[in-house]
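A.B. asks: Pasting a structure below so you can have a look.
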Amino acid sequence: MPGHAATGQRPVSTEPPVEDREEAARVFAEVAHKSSRLLAEFMQRHADGNGFKFNDEFGLAQAFMELWAGFLLNPWKFAELQAKIAFDHAALWQRSWLRLWGQAVVPVAEPAKDDRRFRHEDWEAHFLFDYIKQSYLITARHLRQSVAGADHLPEETRRKVDFFTRQYVDALAPSNFALTNPQVLRETLRSGGQNLLKGMSNLLDDLERGRISMTDESAFEVGRNVAAMPGKVVFQNELMQLIQYAPLTETVYRRPLLIIPPWINKYYILDLREDNSFIRWASSQGHTVFVISWVNPDEKLAGKSFEDYMFEGPLAALEAIERALGEREVNLIGYCLGGTLLGAMLAWMTQKEAAGEPPRHRVASATFFVALLDFAIPGELGVFIDEAQLDNLERRMAERGYLAGSEMATTFNLLRANDLVWSFVINNYLLGKEPFPFDLLYWNSDSTRMPARMHGFYLRNMYLKNALKDPGGVTLAGVPLDLRTIRVPAYFVSTAEDHIAPWHSTYRGARLLSGPVRFVLGGSGHIAGIVNPPAATKYCYWENAGLPETPEQWQAGASRREGSWWKDWQAWIGVLNGEQGEQHGGERVPARVPGAGGLPAIEDAPGSYVRVRAGNAQEGG
């Protein structure tokens, strides 16, 4: 242009820089290549001779048909629900106009304090996004309330409809879409759309991986900066490796501590970093700590049973500990499913002793971390467990010999979809960012498989039938179990916000035992409430010396204590700050070095079993 020539100025280009165009072209090429390959693989997996095969394994169609039928039978109730939602939307429209004209108004709907989807300031400050947010919250609230009020449905069906209605509502949140998320729109304008392009590449990477990336997995390595507590593998069999950890004190309690983690996850949730490792902390208190590291099973172990997990797990570990230390008396901890196995094993040992077989080992005390013995209140996992769903699951497991780790992970992630699914959809795919390094989420992504025979037995007898609580309801190796015969001193810790093992149900299990029981309720949830080191000064716990008939009575008489329940447990099991406890740990003896006793070291901790990672979603077929 002449004006520019006269002034010596160059015209302003609206084209992106050359390097940005080249990067965009590179990402486009990667996206095209990945998407075509993944589409071909998807078609191959899901097509049969007659086209595509899709199954309603959850029974959702029938459940929602029953819901709709109930509304049709009661049209006045349905009309009332419609009138309420219309009224709230009208109020929102009116108040939004008043706000637009500068008047102060009270919102019709506000997100919960812990709802992180709407934390960006534009959700509050910008008129349009505030309207979108409130409109969504109103609709979501009424949908949930209409399902909750469907008293014509059986309880099992109502829970299923409520759960999947929540999944639907959460999926449709305006924060999950680029055009209705102000943060994403700002980033799109700032980057010229590079965030969406990078997000598409991240999405295809995750589709190929078979799961959503929750953390920078390259930032962690098992044995280096997670599961790094020094120790030795001193025993192993097909199902587990037994790790003995190095002492951190000159003297230790005579009775060692054996931890039975759940085989539904890997054990190092209790040994993430130095500052939040329960294993390290227990060692620093003078315990000789042993941990079972379960194998990540494949089709070769399809026939392993719940009995096998008891015999080749904690019972084999007790034998190995005696050979390593010459000590028959042990304190045990069972975490989640490991606690269910601990309860079953104690009942089995008690019944064997009653039948005239002298006990080979003595359990000095038993600690249950968020463990269910009575499954009357199974939490939201119960949504996935009914006769039809178990039939489908067992058929899938029979085909390959195990339940895929990706399926287990997906189920657990759906229980907290906003935190463990949609927040990463926004970060990874809409904002185009890489996930942050986070040890807990690295562990969460390190999923494990379940042997077909064991898992079918567990789900049917514990969740579906709730048979473990009944005398003789479950039989292991020909021995009918009765939890009421257990007289071992027990410590139960549950957490107030646990959605996997609700504390009202774990409390019912604690009351089944006949020995002295201490029940403690921690803050937070299934993981954060347990992995709560004293130094963090987070959360709190409630304690009550009694064990009244109902959890509500226990809670009414409980006292709140600040900080971690770890110290309370240590005071119960041994000595804390010079004060004499119940001495379940026994007297102090010189510290034991792993591998220096009756069992030589096989390899360094954390061992080889924990390093085996489950495959991606392709293993699920």
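A.B. asks: If you go through segment 92-104 one residue at a time, do you hit one that is surrounded by 11 or more Cβ atoms within 10 Å (Cβ to Cβ) and within 30 Å of T411 (Cβ to Cβ)?
C.D. replies: Within segment 92-104, not a single residue is surrounded by 11 or more Cβ atoms within 10 Å (Cβ to Cβ) and within 30 Å of T411 (Cβ to Cβ).
A.B. asks: Right, next: Anything in segment 109-127 that is touching a Ser or Thr at 6+ places or on another chain (Cβ under 9 Å) and either at pLDDT 90 or above or crowded, with 16+ Cβ neighbours inside 10 Å (or both)? List them, or say none.
C.D. replies: A109, R116, R117, F118, H120, W123
A.B. asks: Something else about it: Quick one: in segment 538-577, of everything that is aliphatic (A, V, I, L, M) and in a strand (DSSP E or B), which residue is modelled with the highest pLDDT?
C.D. replies: V575
A.B. asks: Report every pair of residues separated by at least 6 positions or lying on different chains whose Cβ atoms are under 6 Å apart, first residue within segment 200-223 and over 18 Å from W422 (Cβ atoms), second open to solvent by 70 Å² or more (accessible area, probe 1.4 Å).
C.D. replies: D216/P437; A219/P437; V222/R611
A.B. asks: For segment 266-305, give me each residue that is open to solvent by 10 Å² or more (accessible area, probe 1.4 Å), in a loop (DSSP other than H, G, I, E, B) and farther than 19 Å from A317 by Cα.
C.D. replies: Matches in segment 266-305: R273, Q285, D298, A302, G303.
A.B. asks: For segment 362-392, how many residues meet the condition of being at pLDDT below 90, assigned to a loop (DSSP other than H, G, I, E, B) and of a type in the set (D, E, K, R)?
C.D. replies: Selection size over segment 362-392: 1.
A.B. asks: Give the number of residues within segment 594-621 that are assigned to a loop (DSSP other than H, G, I, E, B), modelled with pLDDT of 95 or more and within 34 Å of the chain's Cα centre (by Cα).
C.D. replies: Residues that pass the stated criteria total 7.
A.B. asks: Out of the residues in segment 346-361 that are aliphatic (A, V, I, L, M) and part of a helix (DSSP H, G or I), state the one that is farthest from L373 (Cα to Cα).
C.D. replies: Among those residues, the one meeting the criterion is A354.
A.B. asks: Any idea which of (1) surrounded by fewer than 19 Cβ atoms within 10 Å (Cβ to Cβ); (2) in a loop (DSSP other than H, G, I, E, B) is the one L315 doesn't satisfy?
C.D. replies: Tallying (1) surrounded by fewer than 19 Cβ atoms within 10 Å (Cβ to Cβ); (2) in a loop (DSSP other than H, G, I, E, B), L315 fails exactly one: (2).
A.B. asks: Then there is this: Answer yes or no as to whether A496 is of a type in the set (A, V, I, L, M, F, W, C), touching a Gly at 6+ places or on another chain (Cβ under 8 Å), over 15 Å from G334 (Cα atoms) and open to solvent by 40 Å² or more (accessible area, probe 1.4 Å).
C.D. replies: yes
A.B. asks: From A344, A320, A355, A366, grab the single residue that is open to solvent by less than 10 Å² (accessible area, probe 1.4 Å) and over 27 Å from I527 (Cβ atoms).
C.D. replies: Only one candidate passes the filter, namely A320.
A.B. asks: Could you list all residues from segment 500-523 that are open to solvent by less than 50 Å² (accessible area, probe 1.4 Å) and assigned to a loop (DSSP other than H, G, I, E, B)?
C.D. replies: Hits for segment 500-523 are I500, A501, P502, L512, L513, G515, G523.
The values are calculated or read from the model by the stated rules, or taken from the named source; none is laboratory data. Keep in mind that this is a model prediction, so the values were computed, not measured. With ideal geometry, Cβ positions are generated from the backbone for all residues, glycine too; neighbour counts draw on all protein chains shown. Remember, those area values only see protein heavy atoms, side chains included, never the ligands or the DNA or RNA. Shrake-Rupley method; radii C 1.70, N 1.55, O 1.52, S 1.80 Å.
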